[in-house]
Structure formats: structure tokens, C-alpha cells
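The values are calculated or read from the model by the stated rules, or taken from the named source; none is laboratory data. All of these numbers come straight from a predicted model, not from anything done at the bench. Counting neighbours? That spans all protein chains shown, and the Cβs are built from the backbone with ideal geometry, glycine included.
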């Protein structure tokens with residue numbers, strides 16, 4: 001058993017650590033080039049972590065990011081690039097808000113209906129891309145991007161028809177959810193004026209469910225097999241077409257949860273001001289977290305941290321908050337490169353280690369040569 | 001002409017990589033024409049006049065011979081490809097060495113033997129005086145091998161040096177002037193062909209007695225296990241890849257299929273496994289028609305499958321061995337319990353396979369990519385023999401496997417056959433095919449063209465039948 005081999009763990013951590021250091025250097029260079037105060041910028045960014053209010057903000061946006069990244073990761077594990085999480089969650093949350101505002105049910109049931117409607121709508125929207133791929137061979141990258149645009153159009157169109165003015169602004173939104181359709185917050189962070197979304201519990205459950213599904217079930221095995229070698233999966237009897245459709249539906253269903261923490265815990269209606277673009281953030285975080293449920297959680301927290309630190313930068317130091325976006329971008333790029341380097345290093349290391357151990361164990365036995373990968 | 005022989009894993013390929021600058025040696029030196037050299041990349045090797053013909057051809061199908069040859073070192077005239085100059089040089093080399101290449105033919109129209117000549121031409125075009133050929137005969141039928149050897153003799157006559165890597169001893173003995181045997185990474189001897197024979201050479205190579213693929217008594221019964229009839233498969237363009245293929249394999253029978261690669265064997269296997277649907281025809285397992293079944297149902301019904309390309313079809317390279325044990329048997333004991341993966345059961349059974357089939361690995365948690373080819377193959381064979389299969393589809397089961405593992409795999413197949421397994425064996429190793437099979441059919445351009453009795457046929461006769469040159473029986 002070497003599942004908890006310390007060297008493996010060290011290698012796993014090496015890549016993100018390298019990426020963060022690299023991002024730190026690049027960002028500092030950008031600050032230097034722009035003539036902004038480097039030391040003060042970093043101090044402000046670090047300070048964010050010690051303020052209870054900021055911590056609450058970070059945890060809340062990380063919760064939202066987590067769902068989004070999880071949805072993307074399901075596709076990634078099967079080599080499916082669901083770029084359409086963005087359109088899927090917005091369509092889902094819009095429909096959920098619409099239905100939730102129109103019906104009245106007792107409390108747990110009301111919430112359940114909203115969540116289910118959002119998940120089903122998002123799943124079906126993603127399913128379109130899956131069906132197109134297996135029947136017509138349309139790349140899911142293209143179709144999901146297109147479906148994002150269509151979703152944007154559909155929501156804008158229907159919002160005009162059903163919207164009510166949002167009190168105290170010229171914003172428009174769906175009918176607000178009654179109290180029975182709202183999820184209360186949790187006071188998890190001491191001394192913080194803000195509560196944490198109650199939906200964080202669902203995020204934790206989703207992470208556990210994802211891990212169990214992929215690692216412990218037959219379905220998960222088929223999914224991972226298809227992702228790591230489609231040819232081998234076909235030869236082993238996996239019905240790849242069916243898997244594509246099911247994975248897209250599953251990915252979409254999780255995408256349906258992305259908008260829920262905000263809808264049920266804060267906004268209570270879908271308006272023009274509802275956060276958009278979360279699906280794309282999810283792609284970056286899934287890459288950062290390497291599709292691992294814990295990795296994604298850490299990635300989501302890091303991303304949220306940087307997001308939240310943008311504000312004080314602007315106010316206190318006078319540095320444009322876009323510096324944070326630059327840093328996020330550099331992290332993602334370097335992490336992808338670093339993971340690939342570590343992956344190759346690990347494979348060649350393992351081949352060497354196995355050869356060495358066998359030589360030691362067997363002495364003058366059958367000779368062997370390490371096989372190149374993918375040759 | 002110098003030959004280097006050694007079983008798989010003896011270090012032949014590594015040696016070649018070092019000679020061609022693809023890998024750096026830890027110690028030692030290489031001298032070309034008495035001058036010590038260090039190669040840090042293949043281009044250094046080419047500069048020193050060393051050229052390599054790889055086992056797997058590196059040609060662009062949709063380019064002409066001329067374009068393929070000049071690719072990467074094009075003669076230029078003012079920034080444009082100088083076709084006239086390229087043609088002149090190719091024709092010159094071609095006639096000097098008797099390679100008879102036609103510069104304007106598309107590579108996709110060429111056969112395997114022709115392609116190999118183009119590879120040689122490519123190397124000569126780059127000014128090589130020392131040619132390294134890595135297992136050049138692995139993909140050729142006997143007649144093509146003869147042609148290749150004629151070409152090589154021509155090269156030798158013109159003063160070139162040829163280094164020839166192989167594990168086919170009879171070939172080596174025929175062409176080489178000197179033979180170096182390596183085993184486990186060291187030179188165990190250098191001999192001249194006149195003073196040795198295949199058997200002595202083989203024993204030098206293996207360091208022990210030689211196995212042989214022969215099966216002794218027949219175990220064929222009259223109970224049909226796998227029946228294929230009228231199987232036809234066409235490409236989108238309507239060309240028949242398989243045409244009216246039919247055969248029956250009985251319990252305890254090994255049916256061998258001989259043929260030059262690319263004559264429909266791969267498609268036949270995929271059709272039987274349900275990975276590709278035949279246009280017409282029927283596949284029956286026992287007395288059940290399984291034509292409409294999905295691959296998984298066929299596997300569950302007891303069809304085991306050893307694919308031709310283990311990296312593409314039989315393994316998840318970046319997954320531990322025990323997960324690879326599950327692959328292909330995702331719905332069967334002891335790997336799963338209902339919808340759940342049974343980790344304990346799968347791990348225990350992987351350990352059993354590792355012990356029983358002598359898979360050399362420090363642990364069942366290492367990635368499949370960390371094992372040598374032979375050990376990967378033993379794991380696959382062990383896995384496919386699990387769960388009491390009734391039919392085994394084995395495509396090149398010992399390809400790229402060292403002699404020890406090869407003998408073991410033959411043993412497993414023989415044992416299983418004695419216990420009533422029906423085997424479809426596809427192999428390019430004619431000795432293996434003749435030695436293991438009860439019946440041999442020859443496939444050519446998607447059709448069976450001959451039935452051969454393995455008891456009284458030579459590899460040469462079989463080779464003729466495979467190219468369509470021999471008389472049909």
C-alpha cells in the first residue's frame with residue numbers, strides 16, 4: 001500500500017505551490033511596471049484573511065464557485081468540456097426563481113421544488129449538447145458555447161414578460177420568493193456581521209457525493225475509464241454514447257445548483273443584477289483543483305479570496321482591482337503547466353522506482369525495460 | 001552488416017536510442033569511424049552519418065514519396081522547395097542502391113515493404129553511412145523479408161554499415177556478418193554466423209532452454225462455441241473490409257487466422273466483440289445469436305478479449321493495477337457488488353493474478369504504465385482468463401513480449417484450451433500460429449482465401465498464401 005506515500009503527497013502539492021509562487025512573481029512585475037506599491041499591495045491582500053467580514057464573503061462566494069467547478073469537473077473526468085455551465089445555471093436559476101415565486105408550499109417542500117426545477121432545467125439544457133454530440137458528432141465545446149448565448153437570449157426575453165420592478169431601483173426581476181422558499185444563513189464566522197449561506201451544507205454533500213460516485217461506483221469507474229482512454233473503455237464494454245449523455249445531464253444538474261445559494265439565501269429573485277459568468281470561473285477552479293473534490297474546495301477558496309481582496313486594494317492602496325484578475329489568470333495558466341510537468345515526472349519516477357525495486361527483489365531474474373507512456 | 005539480438009527487454013531499444021542520440025548514456029563512449037562522439041539529439045547523430053529506420057514507420061500518408069523523403073531537409077531554391085533537385089537526388093539514391101522508388105506515388109498507396117524502403121531512402125537522403133534498422137522484419141511477410149535483405153546486401157556492397165536489430169534468429173543468421181547478443185543490458189557474446197546455429201544463439205540470448213509453441217494432443221470437441229456466418233463489413237465508401245466471413249470454433253479448439261496486417265483481422269475482432277457492427281452476418285455464441293448484443297453483454301456471456309494494442313484497448317495506463325483488473329469486467333464478481341466497486345475483492349483478485357501469472361511488480365498500486373510490456377501482457381492475460389470464459393479472442397497475444405513471458409502465455413492458452421476454451425488466435429508470428437492452432441485460415445483483403453492444416457505447413461507456404469501468391473488449397 002502506498003496510497004499515502006509522502007512523496008506522492010509532496011508531488012501533488014508541488015504543482016499548485018509552484019503556480020502560486022510564479023503568479024506572485026509575475027504580479028509583482030506587473031505592479032513594478034505600473035509603478036504601483038508592491039509591498040503595500042501584498043500586505044493589503046494578506047490582510048483580507050484576518051477580517052471576519054471578508055472571511056464570510058470568501059466562504060460564501062467559494063460555495064457558489066464550488067458547485068460550478070464540480071459541474072465542470074464531472075465533464076472533465078470524462079474528457080467532456082462543458083463550457084456551458086454558465087448558460088445552464090442561469091437558465092436553471094431563472095426557472096427556479098420563476099416557479100418558486102409563483103407557487104406556495106410548506107417550507108422544506110417549497111425549497112425542494114425550486115432546487116429540483118433548477119437542476120432539471122439545467123440538466124436538460126446540458127443534455128442538448130450531449131444528444132448533439134452522440135447523434136450528430138457536434139463538439140460539445142461549440143454547442144455549449146452556443147447554448148450559452150441562446151440561454152442569455154431566452155432569459156432576457158422571458159424576464160421582460162414576467163418581471164416585476166425591484167423595489168428602490170430601476171432593475172427588474174422575477175417575483176420574490178416567499179419566506180417558505182428561503183434558506184436561512186449560518187453564523188459560522190465569529191464576529192462577522194455576515195452570515196454564511198445555509199446552502200454550504202449542500203455543497204459539502206455534493207462534494208462527498210461526487211467523490212463516492214466517481215471512486216466507489218461502477219458508473220464512476222466507467223466514467224473515469226472513458227475519460228482516461230476512450231478506446232480501452234469501448235473495448236471493456238462501456239457504452240460511450242450513453243455515458244456522454246448521462247454525464248452531460250449530471251454535469252448540468254450540478255450546474256443547476258450554482259445559482260441556488262444566492263437565490264435562496266440572499267437575492268430571493270432572479271434579476272438583471274444576478275451574478276453572471278460563474279460558469280467560466282468554474283472551469284478555472286476545476287483546473288486548479290484538478291477535478292478532485294478537496295482540491296476544488298481549496299481552489300474555490302483561493303479564487304474567492306483573491307476576488308474579495310480586489311475591493312480594499314482599490315480603496316486603500318489605489319491599485320486597480322484588475323491586478324487580482326491578472327493574478328488569477330497567471331495562476332491558472334501556470335498551474336496547468338505545472339500539473340503536466342509533475343504528471344510526467346511522476347510517471348517516469350514510478351517507472352524507475354518499479355524497475356529498481358524489482359531488480360533489488362529479484363536479483364538475476366528476467367530483465368525488463370520501462371515502457372514509454374502512450375507508445 | 002552487424003546484427004544485435006536479444007529478447008525483449010534486453011536493452012536493444014535503449015542501445016539504439018543512445019546510438020541515435022535520443023537518450024544519453026550514463027557512462028561509456030561511442031566512436032564513429034574511430035572518432036569519439038557525443039550525441040545529444042538525433043540531429044547530431046544524422047550529422048555524424050548515423051541514420052535510423054524505426055520499427056513503426058514515420059511517414060505522412062497523404063504526401064508523395066518525394067515529399068516524405070525531403071520532409072525536414074528540403075532542398076531550397078529561393079525559399080521554395082526545389083522539386084527538380086529533390087527528384088534528381090532521390091532517383092540517384094534509388095538507382096544506386098536498388099531501392100526502386102517512384103517519387104510521385106502517394107505513400108498511402110504503398111504496401112508495407114515499399115514503405116520500409118522509403119524509410120531507408122529517407123535516411124540515405126540525409127547522408128547516413130551507418131544505418132540502424134530496428135526490428136525491420138516484424139511487419140513483413142517472408143517474401144518481403146527476402147527483398148529487404150537483398151536491399152541491405154546492396155547497401156553493404158556500396159560500403160555502408162548496417163546495424164540490424166532483431167530477435168528472429170534465422171534471419172539474423174542469414175544476413176549478418178557478425179552478431180552481438182545482449183541480455184539484461186550487457187553484451188553476452190559476439191559471434192559470426194558460420195560458427196553458430198539458431199539454437200545456440202537463442203540459448204545465449206535467453207540464458208536457458210528454449211520454449212516452443214507446439215501443442216501436443218488435440219482437444220477439439222464437436223460442440224460449437226463461436227459461430228460466425230456471412231459477416232460482411234463495408235467502409236463508408238462501400239469498399240468491403242470483410243466479405244462473407246464464416247467459421248465455427250468448437251469447444252477446446254484454437255482457430256488461427258493468418259494474414260498480412262491490415263487485411264481485415266482488426267475489423268473481424270471488433271465485429272465479434274461488438275465494438276463495430278457488421279453490415280450483414282451473424283455471430284452466435286453456443287446456440288445464442290449475439291449479433292445484436294452490446295460489447296458488455298458479450299463480455300458478460302464469457303467472451304474474453306486480448307486486444308492487439310494493449311495500450312489503446314486493454315489498459316488504463318495511468319491507473320493502478322487493481323483498477324486495471326476491473327476494466328472489461330466492471331459488472332462481474334469479484335470487482336463489484338451491485339452498483340458499487342468492491343475494492344477489497346478487486347484488490348484481492350489482482351493479487352491472485354499477479355502471483356499466479358507471475359506479473360513482476362512491487363505492488364498492485366503502481367500505475368500500469370510502470371510495468372514492462374511483458375508484465376502488462378501477463379496481467380491482461382490473467383485478467384481475461386478470470387471468470388471462466390468460454391471463448392477467447394486473442395489478437396497477437398505475445399507481441400512485444402519477452403521469451404519467458406511468451407512461453408508462459410502459450411502455456412495458459414494451451415491449458416485453457418484443454419479445459420474446453422474456444423480460442424480465436426490472430427498472430428503475425430507464424431510459428432506461434434502454426435504451433436498453437438488446430439486449424440488455420442488465411443485472410444486476404446477481408447476474405448478467407450485458404451484453409452491450412454497446421455500439422456503440415458511451413459511458415460514459407462503460409463507466407464505465400466497470405467500474400468495471395470501461393471496456390472490455394
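A single entry from A:26, A:58 fulfils the requirement of being in contact with a helix residue (DSSP H, G or I) (Cβ under 6 Å, 6 or more places away or on another chain), more than 30 Å from residue A:231 (Cβ to Cβ) and surrounded by fewer than 19 Cβ atoms within 10 Å (Cβ to Cβ): A:26. Checked against the criterion of being more than 23 Å from residue B:182 (Cβ to Cβ), surrounded by fewer than 16 Cβ atoms within 10 Å (Cβ to Cβ) and at pLDDT below 85, region A:364-374 has at least one qualifying residue.
Note on region B:376-473: enclosed helices (runs of 4 or more DSSP H) holding 2 or more residues that are over 30 Å from residue B:334 (Cβ atoms) are B:430-436, B:459-467. The set of residues in region B:303-343 that are closer than 22 Å to residue B:373 by Cβ and assigned to a helix (DSSP H, G or I) comprises B:310, B:311, B:312, B:313, B:321, B:322, B:323, B:324, B:325, B:326. Within region A:144-181, the set of residues being in contact with a strand residue (DSSP E or B) (Cβ under 7 Å, 6 or more places away or on another chain) and either assigned to a helix (DSSP H, G or I) or within 21 Å of residue A:128 (Cβ to Cβ) (or both) comprises just one member, A:159. The strands (runs of 3 or more DSSP E) found entirely in region B:1-78 that carry 1 or more residues being loosely packed, with under 14 Cβ neighbours inside 10 Å are B:30-32, B:35-37. Taken as a whole, the condition of being without any contact (Cβ under 8 Å) to a residue 40 or more places away in the chain and either at positive phi or surrounded by 23 or more Cβ atoms within 10 Å (Cβ to Cβ) (or both) applies to residue B:398.
Hey, does region A:323-342 have a residue that's surrounded by fewer than 21 Cβ atoms within 10 Å (Cβ to Cβ), at pLDDT 85 or above, within 14 Å of chain B (Cβ to nearest Cβ) and over 30 Å from residue A:48 (Cβ atoms)? Yes, region A:323-342 has at least one match.
Looking across region B:150-171, the residues that are at pLDDT 80 or above and either under 13 Å from residue B:4 (Cβ atoms) or surrounded by fewer than 18 Cβ atoms within 10 Å (Cβ to Cβ) (or both) come down to B:150, B:153, B:154, B:156, B:157, B:158, B:159, B:161, B:162, B:163, B:164, B:165. At least 3 residues being within 14 Å of another protein chain (Cβ to nearest Cβ) and either under 17 Å from residue B:55 (Cα atoms) or touching a residue at least 24 places away in the same chain (Cβ under 8 Å) (or both) is the threshold, and among the strands (runs of 3 or more DSSP E) wholly inside region B:120-192 those reaching it are B:178-183. Taken over region B:268-287, residues that are within 14 Å of another protein chain (Cβ to nearest Cβ), in contact (Cβ under 8 Å) with a residue 24 or more places away in the chain and in a helix (DSSP H, G or I) amount to 4. Scanning region B:79-88 for residues that are closer than 22 Å to residue B:43 by Cα and in a strand (DSSP E or B) turns up just one, B:81. Being touching a residue at least 12 places away in the same chain (Cβ under 8 Å) and in a loop (DSSP other than H, G, I, E, B) is the filter here, so list the residues in region B:288-302 that pass it. Matches in region B:288-302: B:290, B:291, B:293, B:294, B:301, B:302.
Of all residues in region B:368-384, those being in contact with a strand residue (DSSP E or B) (Cβ under 6 Å, 6 or more places away or on another chain) and facing chain A (nearest Cβ under 7 Å) number 0.
Would region B:212-220 turn up any residue that is surrounded by 14 or more Cβ atoms within 10 Å (Cβ to Cβ) and modelled with pLDDT of 85 or more? No, region B:212-220 contains no residue that is surrounded by 14 or more Cβ atoms within 10 Å (Cβ to Cβ) and modelled with pLDDT of 85 or more. Out of the residues in region B:359-375 that are surrounded by fewer than 24 Cβ atoms within 10 Å (Cβ to Cβ) and in a helix (DSSP H, G or I), state the one that is modelled with the lowest pLDDT. Residue satisfying both the conditions and the ranking: B:373. Per the listing A:185, A:173, A:220, A:181, the residue uniquely away from chain B (no Cβ under 14 Å) and closer than 28 Å to residue A:73 by Cβ is A:185.
Checking each residue in region B:323-358 for being away from chain A (no Cβ under 11 Å), surrounded by 20 or more Cβ atoms within 10 Å (Cβ to Cβ) and modelled with pLDDT under 90 picks out only B:357.
The single condition from (1) in contact (Cβ under 8 Å) with a residue 12 or more places away in the chain; (2) more than 19 Å from the chain's Cα centre (by Cα); (3) on the phi < 0 side of the Ramachandran plot that residue B:77 fails is (1).
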